[in-house]
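Notes for the one structure printed next.
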Amino acid sequence: MSKEMSFWDHLDELRGVLFRSAISVFVLLIVIFPNKNFVFETIIFAPINSDFILYRWFESLAKLLSIPAMAPAPFNIELINIDLSAQFFTHVSVSLTLAFILSVPFILYQFWSFLSPALYNQEKRSVRKAFGFGSILFFLGVAVGYFFVFPLTLRFLGTYQVSDWVVNQISLNSYISMFTWLILIMGVVFEMPALAAILSRLGIINKSMLKKYRKHAFTILIIIAAIITPSGDAFTLFIVGTPLYLLYEFSILICRDIDQ
C-alpha cells in the first residue's frame, strides 16, 4: 500500500513537474535560437506579403468560382524598428514562444503524471485520453491562428488607412506582439473540447447542460472572437467565430450525459 503524500510532498512533485517542463523549453530554445533566418524569414514574416499560402489560396478560389473580387489585392507590409535592443529581444522572445509551443505535449504529459495518482482507474483512462487529445487540439489551434486568423487580421489592420496622408509604418514590436498573442490564444481556445471531456468524466458538466446553455455559449463565443480579432470586420469575425462554435458543438458530442 502506497504511503499517503503530505502537502509538502505534493508541492515537491509539482516543483519537479515545473522544473522538467522548464528544462524541455530551454532545450528547444537552444535548438531554435541559432536558426534565426529560417524562423523569421520562413515562418514569422511569411504573412507580410501576397505570397503567403492563404492569399494564394484565396486567389485560386476566386479563379475557380469566377469571382475576381474574392482575390486579395497585392500588398506588402514593411516593418520598422525604432528601439536599439528590440531586434535582439524579439529574437529571444520569439524563440522562447516557439520552444514553449513545441514543448506543450511534454508539459501536458508532466501535468498528467502529477494529477493521475489522485484519480480512480476509470477516471485515469478518460483523462489520459483527454490530455493526449489536448496536445493535438493545441497544435490545431496554433495552425488556425497562423494560417488564417493572424494573416487576415494583419492584412486588414496593416493596410487600413483613415487617409492617404497617413502612411502605415508597422513597428517590429507591434507585429510580434500581435503574432504571438493570436497564435497562442488560438492554441488555448482550441483546448475547449479536451477541457470539456475532462470535466465531463469528473462529473462537473454533462451533455444536457451544454445543450441547455448553447445560446448563451454562442453569445460568449462571439464576444471572445471579437476580442481575439481586434480588426472587428465581419469576415474575420466569421473566420474566428465559426471554429469556436464548432468546437463547442464538438464538446457536446464528446461529453457524457447525466445517465451515463
Point to revise | Index of the failed condition, Ser103 passing every other in (1) out of contact with any Lys or Arg (no Cβ under 7 Å at 6 or more places or on another chain); (2) of a type in the set (Gly, Ala, Ser); (3) free of Cβ contacts under 8 Å to residues at least 24 places away in the same chain | key: (3)
Review point. What about Thr180, is it closer than 30 Å to Asp51 by Cβ, surrounded by 17 or more Cβ atoms within 10 Å (Cβ to Cβ), out of contact with any strand residue (DSSP E or B) (no Cβ under 9 Å at 6 or more places or on another chain) and of a type in the set (S, T, N, Q)?
Key: yes
Review point. With respect to the numbered conditions (1) part of a loop (DSSP other than H, G, I, E, B); (2) under 19 Å from Asp51 (Cα atoms); (3) among the polar types (S, T, N, Q), which one is the sole condition not fulfilled by Gln161?
Key: (2)
Exercise for review: Just name the residue that is farthest from Phe106 (Cα to Cα) out of those in region 131-152 that are of a type in the set (A, V, I, L, M) and out of contact with any Asp or Glu (no Cβ under 7 Å at 6 or more places or on another chain).
Suggested key: Leu152
Check your understanding: Out of curiosity, is Leu115 part of a helix (DSSP H, G or I), at pLDDT below 85 and of a type in the set (A, V, I, L, M)?
Key -> yes
Check your understanding: Is it the case that region 121-128 has a residue that's farther than 30 Å from Val17 by Cβ and assigned to a helix (DSSP H, G or I)?
Key -> no
Review point. Does any residue of region 1-19 turn out to be in contact (Cβ under 8 Å) with a residue 12 or more places away in the chain, within 27 Å of Ala194 (Cβ to Cβ) and β-branched (Val, Ile, Thr)?
Key: yes
Practice item. Among what's in region 185-212 and is modelled with pLDDT of 85 or more and outside any helix (DSSP H, G or I), pick the residue that is surrounded by the fewest Cβ atoms within 10 Å (Cβ to Cβ). Key: Glu191
Check your understanding: If you go through region 43-75, how many residues are assigned to a loop (DSSP other than H, G, I, E, B) and on the phi < 0 side of the Ramachandran plot?
Key -> 10
Review point. Quick check: is even one residue across region 156-179 touching a residue at least 40 places away in the same chain (Cβ under 8 Å), out of contact with any Cys (no Cβ under 7 Å at 6 or more places or on another chain), hydrophobic (A, V, I, L, M, F, W, C) and farther than 30 Å from Ala99 by Cβ?
Key: no
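The values are calculated or read from the model by the stated rules, or taken from the named source; none is laboratory data. Note that the structure is a prediction, hence the values are computed from the model and not measured. Note that each Cβ is placed from the backbone with ideal geometry, even for glycine, and that neighbours are counted across all protein chains shown.
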